[in-house]
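Undergrad: Let me give you the structure first, and then I'll get to my questions.
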Amino acid sequence: MAAPATTTAANTDAAALAAIAAHCARCHPALPGGGWQTMTARPFTRSELKTQMRRMEEEFSAFPSPDETAAIVDFLLRRPAGGVTAAR
Ligand code: HEC
């Protein structure tokens, strides 16, 4: 899917969903009611999420690119429906 020139790949839902599918869903399966197992069980602030992303990399070998990491973090913060409260 081609993104409009003004939209960077890092800030679209599609980019985040693709990154989660590629790097996270093998351990955090999507839930029928929305969100992902464990990953969206509780709210995080932006800085907490960044810490969690680093933990996923160090402890669980999840290696999204910097763009993918930014897309995932922004996506989780703007989607309370996924179980994550946007506490910025
Ligand atoms: C190899 C398995 C694995 C992969 C891949 C993985 N995780 Fe995790 N993740 C876990 C496990 C197990 C836990 C719970 C235990 C813990 O927090 O140490 C966890 C916990 C979390 C938490 C904290 C949940 C909480 O309430 O404390 C978040 C957020 C999270 N993962 C996000 C992600 C994201 C985003 C990705 C993809 C970039 C990802 N994880 C990839 C295994 C994984």
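Every number in this text was worked out from the coordinates using simple rules, so none of it is lab data. Just so it is clear, the model here is predicted, and its values are computed rather than measured. Glycine gets a Cβ as well: all are built from the backbone with ideal geometry, and neighbour counts include every protein chain shown.
Undergrad: What are the ³J(HN,Hα) couplings of segment 20-35, residue after residue, when phi is run through the Karplus curve with 6.51, -1.76, 1.60 and θ = phi - 60°? Round to Hz, x for glycine and proline.
TA: Calculated HN-Hα couplings, in order: 5, 4, 6, 10, 10, 5, 5, 10, 10, x, 4, 9, x, x, x, x Hz.
Undergrad: Using all C-alpha to C-alpha distances in segment 10-82, build P(r) with 10 Å bins and read off the rounded percent in each one.
TA: 21, 62, 17
Undergrad: Give me, ordered by chain and number, the residues 5 or more places off TRP36 or on other chains with an amide H under 5 Å from its own placed amide H.
TA: Long-range HN contacts for TRP36: LEU31.
Undergrad: How many nm separate the modelled label positions at ARG55 and ARG78, each set 7 Å beyond the Cα in the direction of the Cβ?
TA: A separation of 2.6 nm, rounded to one decimal place.
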